[in-house]
Amino acid sequence: MGSLPGRSKVISLFRSFLKTTRVYMDYNVREYVKRRTIDAFRQNRHLSDPSAVASAFNDGKSQLSVAKRQAVVYYLYTPTVNCESVNVLHLSNNWTIVLD
């Protein structure tokens, strides 16, 4: 086991999570990852046992790497829409909007 992570390392990990959430194109996924991040850090906020703190920090680092890999996958497989070719928007209740 390594040394106990300091406050600055924990804050850096938290900020890295929040930066990673910005990469997700889908609003729902982005907000879900953001909410899970905030909830997990709040849940572990009052840990005092050094082994529990180190374990939570290492788990956070591994979860960050998963989130980064998943962001790449979402980026690669999210369909892009060319706004210039889309000029009519059909809504489910028989409304049509023509975009200029």
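Nothing in this text is a laboratory measurement; each read-out follows from the coordinates by a stated rule. Computed from a prediction, not measured in an experiment: that's the story for all the values here. Every residue, glycine as well, gets a Cβ built from its backbone with ideal geometry; the counts of neighbours run over all protein chains shown.
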If I ask for residues that are over 12 Å from Leu64 (Cα atoms) and in contact (Cβ under 8 Å) with a residue 12 or more places away in the chain, which ones from the stretch 29-39 would you list? Val29
With the requirement that a residue be in a helix (DSSP H, G or I) and loosely packed, with under 11 Cβ neighbours inside 10 Å, what does the stretch 33-61 give you? Asp39, Arg42, Gln43, Ser51
Enumeration of residues in the stretch 1-28 that are β-branched (Val, Ile, Thr) and either over 17 Å from Ser65 (Cβ atoms) or over 9 Å from the mean Cα position of the chain (by Cα) (or both): Val10, Ile11
State which residue is farthest from Pro50 (Cα to Cα) when the search covers only the stretch 7-24 and only residues that are in a helix (DSSP H, G or I) and among the charged types (D, E, K, R). Lys19
Conditions: (1) farther than 30 Å from Pro79 by Cβ; (2) surrounded by 14 or more Cβ atoms within 10 Å (Cβ to Cβ); (3) in contact with a helix residue (DSSP H, G or I) (Cβ under 7 Å, 6 or more places away or on another chain). Leu4 meets all but one. Number of the miss? (2)
Test each condition in (1) exposed (fewer than 15 other Cβ atoms within 10 Å of the Cβ); (2) in a helix (DSSP H, G or I) for Gln70 and report the one that comes out false. (1)
Quick check: is even one residue across the stretch 25-32 not polar (S, T, N, Q) and not in a helix (DSSP H, G or I)? yes
Given the criteria assigned to a helix (DSSP H, G or I), of a type in the set (A, V, I, L, M, F, W, C) and farther than 22 Å from Gly6 by Cβ, does Leu64 qualify? no
